[in-house]
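Enquirer: I have a structure I would like to understand better, so I am pasting it below and will then ask my questions one at a time.
Read-outs throughout are calculated quantities, based only on the coordinates presented, and are distinct from any laboratory measurement. All values reported here derive from a predicted model rather than from experimental measurement. Don't worry about glycine lacking a Cβ; one is built from the backbone with ideal geometry, like all the others, and counts go over all protein chains shown.
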Amino acid sequence: MELGIFVQLLVAGLGIGSIYALVALGLVLAFKGTGVLNFAHGDLVAFGAYVALFLSLLKLPYWQVLLGTLAIAAVFGVLLERTLIRPLLNAPAFTVVVATLAIGLMIKNALRLSWQENIATLPSPLDGVTVRVGDVSVNPQYFWIIGCSIAIMILLAVFFRRTLIGKAMKAVAQNRDAARLMGVRVNRVFPLTFAVSTAVAALAGVLIAPITGIQSEMGSVIIKGFVAAILGGFNSLPGCVVGGLVLGTLETFGGAFFGGTFKDVTAFVLLIVVLLVRPNGIFGGAEARRV
Amino acid sequence: MSDSAPIAVPAVSGAVPGKLARGLRVALLPIAIAVLLPPFLGSYYHFVASLALINVIIAVGLNLLTGNAGQISMCQASFMAIGAYTTSYLTTKVGLSYWLAMPSGGLLAALLGVALGFPALRFRGFYLAVVTLGFLEITQILVEQLPSITGGVRGISASRPYLFGSKLSNDLAFYYVVFAISLLGIWCAISLLRSPTGRAFDAIRSSEAAAQSLGMPLARTKIAAFVIAAFYAGIGGGLYASLVGFIDPLEFGVWTSIRHVVFIVVGGLGSVVGSIVGAVALTVLPELLRGFKEYNEFVFGSLLLLVLVLMPTGLVGLGPRVRSWLRRRADHMRDDK
C-alpha cells in the first residue's frame, strides 16, 4: 500500500477513534462515579455541537466558542444530575436505562426543534491549513481532534491524581460509603462528576462537527462509545482511550478495504465477540457479583 | 417445558376457574365494543385501531420478556422488521400466500430471538441493554445494505392478504383479522403466565439464584422468553407491513423500540392488561395530538419519566391505589365523625 494513503487512513482512524475514546470516557466517568449508565450521553455530544453552533453564530473566535461550550455543558451536566439523574441513583437497571433513554429523546427533540432539520457545520480552527503526505492530502481537523483529545486526557489524568476534588471523585467511585465516612461530601461529588462527563461529551461534539456536520441524530455515536468502553473493560479510563483508538482505526481501515457495510458492522461484531470471549475487555479486571 | 419446572404452585389452582370466569366477564365489554363499534366508524378509525392492536401484540410479547422475565430488550423493532420484511418478501417476490408468509416471518424472528438469546444469557442489566441496542443497529444496517431483498433505504411495498378468495383491501375487514390474531396472542400470553413456564419467568426476575436452586432451567427459560417476545414482534411486523402497505428501514429504529418500552412501562410491567392498556392509549394519544407532531418525542419522553417516578406500577397499578386511597379517605371520614 502506498505510504500516503496509509498515513491518511491512519490519521483519520486515530481521529475518529479519539472521538469514540472521548465518548467512552464520559460514559465511564459518570458510570463509575454514580453507578448510572447514561444512555442520553450521545445526545449530550449533540448538545455540545449545537451549543457551539449557536455560540459561533455570535461571531465569537474559535477558542471562545470552545471554552464557552465546555462551560455551558458543565453547567448543564450539574442541572441534569440535580433534576433528573438524582432520583435514579438507586433505581434498578431497567429504570435507569429507560429513564436516561427518555432524557436523551427529549434532548434530541429539543435540539431538532431549535434548528429545525437544517444541516449545519462548524468552522475548523485549521481551515486554511493543508497537510500533504506525498500527493495525498489529510484533513487537518483530524490532527486538531487528536491534539485536543490528548490534551484533555492528560488534564483528566492530572485532575484525578493531583487535585483533592479529583481524588474525592475517585474515592466516591471506589466506595461511596467509605468515602462518605472519610468526610467526602458525596452529594457534592455527583454533580461534579456529571459536569466533567457532560463537558467531555460536548468536547467530542465540537471536535467531530466539522467532519460529520451537525444534526440531531449525532447522538447515535453513543453505540461506538459503548463498544470502545467495553473493549477497554468498562471500568478503566486508559482502557476507554485504547478501546476507542482500536475501534476507530479498525473501522477506517476495514471500510477502506472491504467497503462501507464492513465499516458500519465492525463495531457491533467487535462488541459481540469481545463480550463473548473476554467480557471484561482488554483492561478490565474480573468483577465479583453479589447473588 | 411444562415438566421441567417442578415448583409448588401454592393453592392457586383451586382459585383459577373462579378467577378465569371473572376475567372473562371483565373482558366481555371491551371485546364487545371492539367487535360491534368499528362498522359505524370511518376508515381512518379502522386504520388506527388496527395499528393499536398490532402494538398490543408487540407490547404483550415484550412485557412477557421484560415485565415477567426481567430481561431488558431495546430491539423489539428489529424483530418487527424481520417479520415485516420476511412477510413482504415472501408474498411479493416469492408469491407465497400471506397466511404462510406472515407466520414464517414470526418464526424467523423467533429463530433470531434464539440467536440473540444465547449471548444475552451472559449479560444482565446495562450490558443487556447495550447488546440489544447493538443488535438493533446491526439489523437496521443489514436492511439498508441488502437492497435486493429489502429494497434498501427506498423501502419495499407490501400487499393486503386474500381471505376466502377476496382481497382484504377494506380496512374494516383487515381490522377484524388483526383483532382475531391479537385476541389469540393475548389469550396465549395469559395462559402462558398461568403455566409453569410463566411462573418460571416471574421467578427468574425476582431472583435468578433462588430460581436456579429450585431446579429451574435458567438458560432455557431466558431463551424461551426472548423467543416468545421475538415471535410476537415478528407477527406484529408482518401485520404492520400489510396494514401500512409500505415499509422502509426508518420505521424500525431506536425510536420504535423505545415506544414499545413506553407502552409496557406506562401500561404496567408484568401485566397483560397493562400491555393492552398502554399500547392502545399510546397509539391513540399521538393521533389525538397530531397538531403537536414535532413534540412527539418530547411528550413520550416526559410521560415515560413521570410514570417511572410517580407510578412505577403503571396505569393498571392505579386501580388498586385509587381504591385503597378511597378506603382510607372513608376511614378518616368515619373517624372524624
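Enquirer: Work from the charge dipole of the protein assembly as shown (Cβ charges, +1 for Lys and Arg, -1 for Asp and Glu, about the Cα centre) and give the residue of A:41, B:105, A:246 farthest towards its positive end.
Expert: Sorting the options by dipole projection puts first A:41.
Enquirer: Sorted by packing (mean other beta-carbon atoms within 10 Å per residue), highest first, where do B:158-164, B:63-69, B:319-325 land? Kindly include the intermediate steps, with their values, before the conclusion.
Expert: Values: B:158-164: 15.9, B:63-69: 27.1, B:319-325: 10.6.
Averaged packing, sorted descending, gives the order B:63-69, B:158-164, B:319-325.
Enquirer: Using only alpha-carbon positions, what ratio does the radius of gyration of the protein assembly as shown give when scaled by 2.2 N^0.38 Å? List each step's numbers first, then the result.
Expert: Working: Rg = 26.0 Å, N = 628, 2.2 N^0.38 = 25.4 Å.
The protein assembly as shown yields a ratio of 1.02.
Enquirer: Another question, then. Take peptide B:121-130, look around each residue's Cβ out to 10 angstrom, count Cβ atoms belonging to other protein chains, and average those counts. Spell out each step's value before the answer.
Expert: Values: counts 0, 3, 3, 2, 6, 11, 7, 3, 10, 12.
Mean number of neighbouring Cβ atoms from other chains: 6.
Enquirer: Show me, for region A:31-38, the HN-Hα J-couplings you get by feeding each phi into the Karplus relation (A = 6.51, B = -1.76, C = 1.60, θ = phi - 60°), rounded to Hz, glycine and proline as x.
Expert: Once rounded to whole Hz, the list reads 5, 5, x, 10, x, 9, 8, 8.
Enquirer: For a quick protection proxy, order the peptides B:286-296, A:227-237, A:176-186 by their average other-Cβ count within 10 Å, most packed first. It would help to have the intermediate numbers written out before the result.
Expert: Working: B:286-296: 11.6, A:227-237: 26.2, A:176-186: 13.3.
Those peptides, ordered most packed to least, come out A:227-237, A:176-186, B:286-296.
Enquirer: Here is a further query. Can you tell me what percent of all Cα-Cα pairs in region A:171-264 are more than 19 Å apart? Working shown, then result.
Expert: Values: 2531 of 4371 pairs.
Here the long-distance tail beyond 19 Å is 58 percent of all Cα pairs in region A:171-264.
Enquirer: Follow-up. Using a simple spin-label model with points 7 Å from Cα along the Cα→Cβ vector, what separation in nm is obtained for residue B:206 and residue B:31?
Expert: According to this spin-label approximation, the distance is 3.0 nm.
Enquirer: For B:293-301, what's the mean count of beta carbons from other chains sitting within 10 Å of each residue's beta carbon? Please list the in-between numbers first.
Expert: Numbers: counts 0, 4, 4, 2, 11, 9, 2, 4, 12.
For peptide B:293-301, the averaged partner shielding equals 5.
Enquirer: Can you figure out the FRET efficiency of residue B:190 with residue A:121, using R₀ = 60 Å and their beta-carbon distance, to the nearest 0.05?
Expert: Details: r = 54 Å, r/R0 = 0.90.
So, using R0 = 60 Å, E works out to roughly 0.65.
Enquirer: Continuing with the same structure: Beyond 31 Å between alpha-carbons counts as too far, so tell me which of A:59/A:108; A:108/B:93; B:93/B:293; A:108/A:263 fall in that bin.
Expert: Details: A:59/A:108 25 Å; A:108/B:93 38 Å; B:93/B:293 35 Å; A:108/A:263 25 Å.
Where the Cα-Cα span goes over 31 Å, the pairs concerned are A:108/B:93; B:93/B:293.
Enquirer: Distance from the Cα centre of region B:297-337 to that of region B:218-258, in angstrom?
Expert: That distance is 31 Å.
Enquirer: Put a dot 7 Å past each Cα toward the Cβ at residue B:24 and residue B:292; how far apart are the dots in nm?
Expert: 4.3 nm
Enquirer: Only Lys, Arg, Asp and Glu count, each charged at its Cβ (+1, +1, -1, -1), so figure out the dipole size of region A:3-216 about its Cα centre, rounded to 20 debye. Working shown, then result.
Expert: Numbers: 15 positive and 6 negative charges, 180 e Å.
With Lys and Arg at +1 and Asp and Glu at -1, about 860 debye.
Enquirer: What does the average come to when, for each residue of peptide B:180-186, you count the partner chain Cβ atoms lying within 10 Å of its Cβ?
Expert: Values: counts 0, 0, 0, 0, 0, 0, 0.
Counting Cβ atoms of other protein chains within 10 Å of each residue's Cβ and averaging gives 0.
Enquirer: Then there's this: With chain A treated as a Gaussian network of Cα nodes joined by springs under 10 Å, which of A:150, A:223, A:16 yields the largest mean-square fluctuation?
Expert: Residue with maximal mean-square fluctuation among A:150, A:223, A:16: A:150.
Enquirer: I've got another one for you. Between residue B:303 and residue B:335, what is 0.36 nm times their sequence separation minus the Cα-Cα distance? Round to one decimal in nm.
Expert: Numbers: separation 32, 0.36 × 32 = 11.52 nm, distance 3.74 nm.
That pair, residue B:303 and residue B:335, stretches by 7.8 nm at full extension.
Enquirer: Which value results for Rg/Rh of region B:253-337 when Rg is the Cα radius of gyration and Rh the Kirkwood radius based on the inverse mean 1/r? Let's see the in-between values first.
Expert: Details: Rg = 16.2 Å, Rh = 14.2 Å.
A ratio of 1.14.
Enquirer: Please report the orientation-averaged projected area of chain A, defined via the convex hull of its C-alpha atoms, in nm². Don't skip to the answer; put the middle values down first.
Expert: Values: hull surface 65.8 nm².
Mean orientational projected area (chain A, Cα hull): 16.5 nm².
Enquirer: Place a point 7 Å from Cα of residue B:180 in the direction of its Cβ. Which residues in region B:222-263 have their backbone N less than 19 Å from it?
Expert: B:235-244
Enquirer: Just to be sure I understand the model, the point goes 7 Å from the Cα along the line to the Cβ. What's the resulting residue B:220 to residue B:170 distance in nm?
Expert: Inter-label distance under the simple model: 4.7 nm.
Enquirer: Taking the Cα centre as origin and putting +1 on Lys and Arg beta-carbons and -1 on Asp and Glu beta-carbons, what dipole magnitude results for region B:13-336, to the nearest 20 debye? Each step should come with its number before you reach the end.
Expert: Working: 23 positive and 13 negative charges, 173 e Å.
My answer is approximately 840 debye.
Enquirer: From the phi angles alone, apply the Karplus equation (6.51, -1.76, 1.60; θ = phi - 60°) to region A:189-202 and give each ³J(HN,Hα) in whole Hz, x where the residue is Gly or Pro.
Expert: Values per residue, Gly and Pro as x: 6, 4, x, 5, 4, 5, 4, 4, 4, 5, 5, 5, 4, 5 Hz.
Enquirer: Sorted by packing (mean other beta-carbon atoms within 10 Å per residue), highest first, where do A:83-94, B:139-150 land? Can you show the working numbers first?
Expert: Details: A:83-94: 16.1, B:139-150: 17.7.
Highest-to-lowest ranking by the protection proxy: B:139-150, A:83-94.
Enquirer: Each residue of region A:241-247 in order: what ³J(HN,Hα) in whole Hz does its phi give by Karplus 6.51 cos²θ - 1.76 cosθ + 1.60, θ = phi - 60°, with x for Gly and Pro?
Expert: Each residue's phi maps through the Karplus curve to give 5, 4, x, x, 5, 4, 4 Hz.
Enquirer: Which FRET efficiency value, to the nearest 0.05, do you get for residue A:75 and residue B:163 by plugging their Cβ-Cβ distance into 1/(1 + (r/R0)^6) with R0 = 60 Å? Intermediate values should be presented prior to the final figure.
Expert: Values: r = 61 Å, r/R0 = 1.01.
Computed FRET efficiency for residue A:75 and residue B:163 comes out at 0.50.
Enquirer: Something else about it: Name the residues whose placed amide hydrogens come within less than 5 Å of the amide hydrogen of residue A:136, ignoring near sequence neighbours (fewer than 5 apart) on the same chain.
Expert: none
Enquirer: Now a separate question. Can you tell me the FRET efficiency between residue A:278 and residue A:130 if r is taken as the Cβ-Cβ distance and R0 is 41 Å, rounded to the nearest 0.05?
Expert: Working: r = 42 Å, r/R0 = 1.02.
The calculated FRET efficiency here is 0.45.
Enquirer: Seen from all sides and averaged, what is the projected area of the convex hull of the Cα atoms in chain B, in nm²? Kindly include the intermediate steps, with their values, before the conclusion.
Expert: Values: hull surface 83.3 nm².
Mean projected area for chain B: 20.8 nm², to one decimal.
Enquirer: Also, I was wondering about something else. What lysines sit close enough to residue A:32 to cross-link, taking a C-alpha to C-alpha distance under 20 Å and skipping anything fewer than 8 places away on the same chain?
Expert: Candidates past the 8-residue exclusion: A:167, A:170, A:224.
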